[in-house]
1. Quick check: the angle from helix 39-56's long axis to the longest principal axis of the chain, C-alpha only, nearest 10 degrees?
2. For the peptides 69-80, 187-198, what is the packing order when you average, over each peptide's residues, the other Cβ atoms within 10 Å and list the highest mean first?
3. Could you give the Stokes-Einstein D for region 16-224 in µm² per second, using the C-alpha Kirkwood radius, 25 °C, 0.890 mPa s?
4. Okay, helix-only estimate at 222 nm for the chain: each DSSP H run of n ≥ 4 adds -39500 (n - 2.57), divide by all residues, round to 500 deg cm²/dmol; what do you get?
5. Using the Cα gyration tensor of region 14-111, with a ≥ b ≥ c the square roots of its eigenvalues, what is the shape: rounded (a/c below 1.5), prolate (a/b larger than b/c) or oblate (neither)?
6. Starting from a Cα-only point model with no solvent, please compute log10 I(q)/I(0) by Debye for region 156-210 at q = 0.12, 0.16, 0.19, 0.30 1/Å.
Ligand SMILES: [Zn+2]
């Protein structure tokens, strides 16, 4: 079991701060689900639950782009200045060549049965790769313990960092390498997968996932019950 910071009653200055970034924007909402819902809507929902779960772990939270109107990718880590850790929340799709069509409610749209599951990316261009990796592995571990399954699909394009726990290298992700603190990008699941889309929309599923991510984050940011940056 990981020790929750909440139990430690740390002084405010010692409480690690986690920046939670909502991937994409209202104007440029990222991928589309099998049923035509925008990735931004999924990201915004899960990021809100993650902020609550991190606070419940006793961590401070810095929301980034919850209003969906941030101007650039580089602005995201800039708005997280002063944080100890940065997590960008996304939902995944699949390459167009792998999409199939289906009839949903009288509308022809696209989906996949090939890919489902979560993934966590780290950049070797981030100035604190080791802490980024530690946190990514800790988050992958707590997610798996909670019953979530990583997708092996990223092996096609990415080098494994800790593939068992769903962690891959993605060196040129701007939000990760522009950060001056450890950073990960979290793909919660594949919204083009018809079953997984429904799971990812389920408030209970979201809460369980957010709790697992928060637990892994809290474990990684503390060493033997003390903030790791001390
Ligand atoms: Zn995305």
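1. 30 degrees
2. Numbers: 69-80: 16.0, 187-198: 23.5.
By packing density, highest mean first, the sequence is 187-198, 69-80.
3. On the way: Rh = 16.9 Å.
Translational diffusion coefficient: 146 µm²/s.
4. Values: 6 runs with 70 residues, N = 230.
Mean residue ellipticity, 222 nm, calculated: -9500 deg cm²/dmol.
5. Numbers: a/c = 2.93, a/b = 2.19, b/c = 1.34.
Prolate, because a/c is 1.5 or more and a/b exceeds b/c.
6. -0.40, -0.68, -0.88, -1.11
All of the numbers you see were taken from the coordinates with simple rules; none came from a lab. Note that the coordinates shown come from a computational prediction; the quantities given were computed from them, not determined experimentally. Here Cβ is always computed from backbone atoms with ideal geometry, including for glycine, and neighbour counts include all displayed protein chains.
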